[in-house]
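None of the figures in this text is laboratory data; all of them are computed from the coordinates on show. Just so we're clear, the structure is a prediction, and the values are computed from it rather than from any experiment. We place every Cβ from the backbone using ideal geometry, glycine too, and count neighbours over all the protein chains shown.
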Amino acid sequence: MMGQGRLAAWGTGLAALIALPFVYRDPYHLHILVLILIWSFAYTSWSMMGRFGLVSLGHGGFMGIGAYVTALLWNHLGLSPWIGIPVSMVAAGILALIVGYPCFRFRITGHYFVLVTLALSGIVLQVITATRDYTGGSLGYTPNRTSGNKLLALQFDDKTTWYLIALGIWLFGIVVWHWVDRSMARYALEAISEDEDAAAAAGVDVTAEKLKITLLSALMTALAGAIYCQYQMFITPDTVSGIAVSLQMVFAAIVGGLFVSLGPTVGAIITILLAETLRIGFGTRAVGWDNLVYGVLLVLFIIFLPKGILGSLLDRLKPQRKVPRAHEQEAVQIARPGT
Amino acid sequence: MLEVNGLVKRFGGFTAVNNVSFRVDQGEILGLIGPNGSGKSTIFNMLSGTLAPTSGSILFAGHEIAGLAPHRIINSGIGRTFQIPRPFRRLSIFENVALAGFYGQGRPSRVRAEEAAERSLAMVGLPTDRHASVDGLGAAGLKKLELAKALATAPKLLLADESLGGLDEAEMDQAADMLRNIRDELGITIIWVEHIMGVLMRVVDRVMVLDHGEKISEGLPSAVAGDPRVIEVYLGTDAETTQAAAAEARRRAGG
């Protein structure tokens, strides 16, 4: 499927990305790159479901669970993030199944599904805020600095290490995206997104297929939350959880392009740069402006550029991605003999 | 092969299918006819698992399948088409059929699913090109795609909801011949639903007639077409077709 040329392009790009921190050491720029990579991974995780019409506004909840469970286990029980992260992912996965199963079994789709997931986001945010004795509530939470082994605590001081970790996680997300894209499960999910009854008549277990992709997406999102927490060493309900984070995922994935693997990455570059520009340019006066800009852009994109920036660009570059004309005519002729 | 006993489906106070029993033997083509709203599609939806029966039993190859989830029924060897074609437009023609070949056969290897897709597409006469788009298909082509999807699931029993309305006469004949070929060449047992009697009568071995959710007649096409109850049901709506079909069936039985 993947041509030699494309593979070479990926290889070169990746080599350049790996070499970057050894050549270029500006800590602020590396910091921005790490953020872009971690959020790209989160957006990619969201788009695994989103591209099949499963629009979730609950992913802020999964991300928050990833971040908070990992940090809480470390601070209260002294559990290394190497154990804490898998535990937090399992917790997010179980929650995804608990919410997903009844939705899929009883065919809650479209707007109703969005509403259920929106509630999930709100609930996780409320729980974090309400248990402020443990989580610090809306003031935020800081994992304890380790005095021992930094690798065991997954705490590193230099940006280069974090850049490479974030790059690895990001690449993992892209690989999983392609793996799903080339699997039979993609056919099934595309079919389900169009017509559940017809998909079932083709033998697809609709509930199971939807649950599988939801589980995968939730696990990855929780991982993104945990990595973000380990990197920033400070989390608040608003930065890793809740409806604002969920909306930001939707915005970035749609603006970048839902149906191409690097679309969410393009979305992350735009959202992070936008937030940073506003922060540096306007300081505290611009608090919340980024959300306003997101909102306006989201409406414009959904109306005028539904395939997102990267998706539309690729379509421009490769008009032959569409069905070739000759095949189309051949199909018509074979299907309607005599005309 | 298939044994249906006392099948009932109620929607609230409305009884769509009332105590219908019938059987289908291996290698047979059973025609299922009746006016609009007579319960044909409801029976199909229960046989394929889209609807759960209110009561009654459906034995397929000795196993009770009433109320099972659709994908389980498809995997046990029943394939179905929809009256109004329901292609997946975001997939190519080939991918549509490969999907059915993969999930409909209990997920064999991808290679086997794609082979099944190629065979099914060739059988119905659609291109096996991997990228041909569904949008290039007309009404007849979409019906062929429905059939190819059902065949790719490797059914032992095919439920063909083949409303031929919308096709011209040549296309109807072609569709009827195709069903007969599927039975003759692949040995697939078929239940064929239709509300136009003419074409169907030429192809089927036996006919069952439904009206208002009840079975009013069953037997050889020649006998059923002459049945006064059947003529009454069709009179006024399709009397000429009925009589033409009866004449043709008699001719066929005689020759």
Exposure proxy check on A:103, A:229: fewest-to-most Cβ neighbours within 10 Å is A:103, A:229
Surrounding charge for residue B:88, neighbours by C-beta under 14 angstrom, Lys/Arg +1, Asp/Glu -1, total -4
Once amide hydrogens are built 1.01 Å from N within the peptide plane, the residues lying 5 or more places from residue B:17 or on another chain with amide H under 5 Å from its amide H are B:9
Pairs over 24 Å Cα to Cα, from B:40/B:156; A:150/A:212; B:9/B:215, come to A:150/A:212
A correct Karplus calculation of ³J(HN,Hα) over segment A:4-18, with 6.51 cos²θ - 1.76 cosθ + 1.60, θ = phi - 60°, whole Hz and x for Gly and Pro, returns 4, x, 5, 4, 5, 4, 4, x, 4, x, 5, 4, 5, 5, 5
Ordered by number, the chymotrypsin sites (Phe, Trp or Tyr not before Pro) in segment A:71-115 that occupy a DSSP loop and have at most 15 other Cβ atoms within 10 Å are A:106
From fewest to most C-beta neighbours within 10 Å, the residues B:11, A:41, B:82 line up as B:11, B:82, A:41
Along principal axes, largest first, the alpha-carbon spread of the protein assembly as shown in whole Å comes out as 97, 52, 41
Normalised per residue, the volume inside the convex hull of the alpha-carbon atoms of chain B in Å³ amounts to 125
Mean separation of Cα contacts under 8 Å (at least 6 apart) over the residue count of chain A, i.e. the relative contact order in percent, is 29
